[in-house]
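Before any comments, here is the structure.
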Amino acid sequence: MDWIRWVWAPRLGTRVAPIRDLKFIKGSAFDIPNLQGKKVVVLEQWATWCKPCIHSIPHLTQLAQQYPQVLFVSVTQEKDHAAVKAFVDAMGDEMGVAVAIDDTGSISQLVRDSAGIGIPHCMVIDAEGYLAWAGHPLDAGMREGLDTALGLYN
């Protein structure tokens, strides 16, 4: 089964193509990667109807509090913007990350490059715009990916 990991392994070190057309419904808008501010970005693909996504929201909120120097954004490709906004509003401070809608599917290539085959799926993009880590947001390796991207892990 090791060949499956090789075939589906994230392409770490891949330069992330700019994503500039997201519609932010919570938090301040920013480009991905955030090269202008030279910040690490965590991009999560999620959906309001996805139970595992909803289950991971408190964890991402906690990480955002523990890593205030990192920009966290949860991105959905749902077409019903009103339903997404209602969900986010109902979550309130429990969803303590920026939330955006991707109408154009611009994150699709990044998700493919990061071996994303389902949701929720997180990607850590370092301050230079390279994919540093990818996987499920509850994976213990995410903290190591964040620390590596921030230069805190040797």
Looking only at segment 32-55, filter to residues that are modelled with pLDDT under 85 and outside any loop (DSSP other than H, G, I, E, B); which one of those is least open to solvent (accessible area, probe 1.4 Å)? Ile32
Are any of the residues in segment 67-75 among the aliphatic types (A, V, I, L, M), closer than 13 Å to Leu22 by Cβ and open to solvent by 20 Å² or more (accessible area, probe 1.4 Å)? yes
Answer residue from segment 128-140, given it is modelled with pLDDT under 90 and open to solvent by less than 20 Å² (accessible area, probe 1.4 Å) and is farthest from Pro18 (Cα to Cα) among those: Gly135
Those residues of segment 78-87 which are surrounded by 18 or more Cβ atoms within 10 Å (Cβ to Cβ) and touching a strand residue (DSSP E or B) at 6+ places or on another chain (Cβ under 8 Å) amount to Val84
Log entry, pairs with first residue in segment 61-76 being closer than 16 Å to Val99 by Cβ, second being open to solvent by less than 10 Å² (accessible area, probe 1.4 Å) and among the aromatic types (Phe, Trp, Tyr), beta carbons closer than 6 Å, six or more apart or on different chains, reads Ser74/Trp46; Thr76/Trp46
Quickly run through segment 90-110 and pick out the residues that are surrounded by 12 or more Cβ atoms within 10 Å (Cβ to Cβ) and either among the small types (Gly, Ala, Ser) or assigned to a helix (DSSP H, G or I) (or both). Met91, Gly96, Ala98, Ala100, Ser106, Ser108, Gln109, Leu110
Output the residue which, of all residues in segment 12-31 that are hydrophobic (A, V, I, L, M, F, W, C) and within 18 Å of Gly135 (Cβ to Cβ), is surrounded by the most Cβ atoms within 10 Å (Cβ to Cβ). Val16
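The values are calculated or read from the model by the stated rules, or taken from the named source; none is laboratory data. Being a predicted model, the structure only gives us computed values, none of them experimental. Reconstructed Cβ throughout: ideal geometry from the backbone, glycine too, with neighbour counts over all protein chains shown. Side chains included, ligands, DNA and RNA excluded: accessible areas come from the protein's heavy atoms. Shrake-Rupley method; radii C 1.70, N 1.55, O 1.52, S 1.80 Å.
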